[in-house]
Number of protein chains: 2
Amino acid sequence: MCELLGMNANVPTDIRFSFKGLVCRGGKTGPHADGWGIAFYDEKGCRTFHDPKPSAHSEIALFLQDHSIKSRMVVSHIRRANRGRVALENTHPFSRELWGRQWTFAHNGLLRGIKKFPLKFYQPIGTTDSEWAFCWMLDQIRSKWKDTPPPLQLARVIAKLSARLRKLGIFNLLMSDGRCLYCFCSTDLAWITRKAPFGSATLIDEDVTVDFSKETEPRDVVSIVATRPLTSNENWNVLKHGELAAFKNGKLTYSIPTD
Amino acid sequence: MCELLGMNANVPTDIRFSFKGLVCRGGKTGPHADGWGIAFYDEKGCRTFHDPKPSAHSEIALFLQDHSIKSRMVVSHIRRANRGRVALENTHPFSRELWGRQWTFAHNGLLRGIKKFPLKFYQPIGTTDSEWAFCWMLDQIRSKWKDTPPPLQLARVIAKLSARLRKLGIFNLLMSDGRCLYCFCSTDLAWITRKAPFGSATLIDEDVTVDFSKETEPRDVVSIVATRPLTSNENWNVLKHGELAAFKNGKLTYSIPTD
């Protein structure tokens, strides 16, 4: 299986503290050593970094821990391969363009029989269940609208498609078009929103504490979503099984149950 | 305008020597200071790095000069903005998936009236002429075949589409699906193939010399394509105006005149 990390904020924000906790689980405090990837949106643009090496020992992951790339939307993933060999093309997050926006997708789980789902417009480049599911979801979304629909309508369709995929096994999802972070919980997904008054937080996986009151402005609002809580001294919310949560401008905006 | 750099090789090869020459032209020995990007294929996977900062001063560009990423296919670009503001989404190379392959595209030039060309499947994310032209080309290619056609047929269509775009202004192109490097010369594009017996080469833009005989095996074949020659002591070939050159396994495979 794998671990997911997402961030959505109302101002460009440094994700290095959370990323440091995640990458430890890629070969040091956790077994997710089959590659990792991260996508940072900058307005409509998106920077991605992928490496099939374990994140705990990856030179690019070390570089990103030393250099701040501020972003309002981040999707990251560390991989423990089940279907699909360890290779760059099987490393999440996957990306495709739809309606002039770059969509990114990261998945934790296993989907039995997904490759029987027909694909039309988007084709997978690698051999993972996950990328096939992404192509299928985007095909379905694309076929419903010619251009970006109102956000709640889109969230409802993503919830419905996610619920259908969940029937094939386990489908914990982070997906974004740069404006909204869609998070579907099949078995494990936790989140926290940090806002004023900011306190300090301590990583579970590494002996690191950050005092957010020194790093932020009073109006900053930042939500972090992860497979398991990343800090030991904060109260993380746990998504319900079958729940889709959508974050925008740093806040939980929609919560859609599908059970 | 901009500068292009492409590499195609029969074995995974380190491009840092040529990349070092290129990035100098992004704000140091040349004026192309409005961002840069590079795509490294690894089999079907593709790693990309983009930065809207000048390449000569970019931390990611410095990282890539210190860390070897070997690849058989590389497409790189340094930008001097004409149409489209300096922004991550306007930074080449652009990428889209077609037939389960990641295609990358980098352009040097200016295309008057390109935004009147209708688009169907692919939409631009940024506002450059170049990305619009890429979307239009892929639309045209996609509409002709359901799956990857024989290479010569594909090269002929890319040549024909390039010749049509060239009529709008200047269209120097590097494009790849990871298997073949397509290079169209509208005004400026030079190339060199290095193979045994390897010699040494000296950069024009930086006081650096490499003895390739120490870095290579006898069977290695590597072609480099660039807007202007990058070395001072080698004989670069200059593509004819209107010529499409396609490189595969390190060698020039097709040369198609369109004039």
Among the residues of region B:96-135, which ones are of a type in the set (D, E, K, R) and assigned to a loop (DSSP other than H, G, I, E, B)? B:Arg112, B:Lys120
So which residues in region A:18-31 are under 15 Å from the mean Cα position of the chain (by Cα) and within 10 Å of A:Pro54 (Cβ to Cβ)? A:Val23
Give me a count of the residues in region A:171-195 that are touching a helix residue (DSSP H, G or I) at 6+ places or on another chain (Cβ under 9 Å), part of a loop (DSSP other than H, G, I, E, B) and either at pLDDT below 95 or among the charged types (D, E, K, R) (or both). 2
Exactly one of A:Phe134, A:Phe117, A:Phe121 is hydrophobic (A, V, I, L, M, F, W, C) and in contact with a strand residue (DSSP E or B) (Cβ under 8 Å, 6 or more places away or on another chain), and that residue is A:Phe134
Please specify each residue of region A:72-81 satisfying the condition of being at pLDDT 90 or above and surrounded by fewer than 23 Cβ atoms within 10 Å (Cβ to Cβ). A:Arg72
Restricting attention to region B:98-131, and to residues there that are within 12 Å of chain A (Cβ to nearest Cβ) and within 17 Å of the chain's Cα centre (by Cα), which single residue is surrounded by the fewest Cβ atoms within 10 Å (Cβ to Cβ)? B:Arg101
Please go through (1) of a type outside the set (Ser, Thr, Tyr); (2) touching a strand residue (DSSP E or B) at 6+ places or on another chain (Cβ under 8 Å); (3) on the phi < 0 side of the Ramachandran plot for A:Gly109 and return the number of the only condition it doesn't satisfy. (3)
Please indicate, with yes or no, whether at least one residue in region A:138-156 is within 14 Å of chain B (Cβ to nearest Cβ), at pLDDT 95 or above and within 20 Å of A:Thr91 (Cβ to Cβ). yes
Region A:40-85, subset aliphatic (A, V, I, L, M) and touching a Gly at 6+ places or on another chain (Cβ under 6 Å), residue farthest from B:Arg85 (Cα to Cα): A:Ala56
Which of (1) surrounded by fewer than 16 Cβ atoms within 10 Å (Cβ to Cβ); (2) of a type in the set (Lys, Arg); (3) outside any loop (DSSP other than H, G, I, E, B) does A:Arg156 not meet, given it meets every other one? (1)
In region A:185-197, which residue that is farther than 11 Å from A:Glu234 by Cα and not acidic (Asp, Glu) is surrounded by the fewest Cβ atoms within 10 Å (Cβ to Cβ)? A:Pro197
Check whether at least one residue in region A:136-149 is within 17 Å of the chain's Cα centre (by Cα), within 24 Å of A:Arg79 (Cβ to Cβ) and assigned to a helix (DSSP H, G or I), and report yes or no. yes
Looking at region B:82-95, which of its residues are within 8 Å of chain A (Cβ to nearest Cβ) and surrounded by 24 or more Cβ atoms within 10 Å (Cβ to Cβ)? B:Glu89, B:Asn90, B:Thr91
So, of the residues in region B:207-259 that are assigned to a loop (DSSP other than H, G, I, E, B) and among the aliphatic types (A, V, I, L, M), which turns out to be farthest from B:Met73 (Cα to Cα)? B:Val208
Which count do you get for residues in region B:36-72 that are more than 16 Å from the chain's Cα centre (by Cα), of a type outside the set (D, E, K, R) and facing another protein chain (nearest Cβ under 7 Å)? 3
Given the residues A:Ile141, A:Ile125, which is the only one that is farther than 20 Å from A:Ala159 by Cα and of a type outside the set (Lys, Arg)? A:Ile125
Residue in region B:13-25 that is within 14 Å of chain A (Cβ to nearest Cβ), buried (at least 21 other Cβ atoms within 10 Å of the Cβ) and touching a residue at least 24 places away in the same chain (Cβ under 8 Å) present: no
Filter region A:198-227 down to the residues that are crowded, with 17+ Cβ neighbours inside 10 Å and under 20 Å from the mean Cα position of the chain (by Cα) and list them by number. A:Leu203, A:Asp205, A:Val221, A:Val222, A:Ser223, A:Ile224, A:Val225, A:Ala226, A:Thr227
Going through region B:235-259 in order, the residues found to be of a type in the set (Asp, Glu) and either under 20 Å from the mean Cα position of the chain (by Cα) or modelled with pLDDT of 95 or more (or both) are B:Glu243
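The values are calculated or read from the model by the stated rules, or taken from the named source; none is laboratory data. None of these values were measured; they are calculated from a predicted model. No Cβ is skipped: glycine too gets one built from the backbone with ideal geometry, and neighbour counts run over all protein chains shown.
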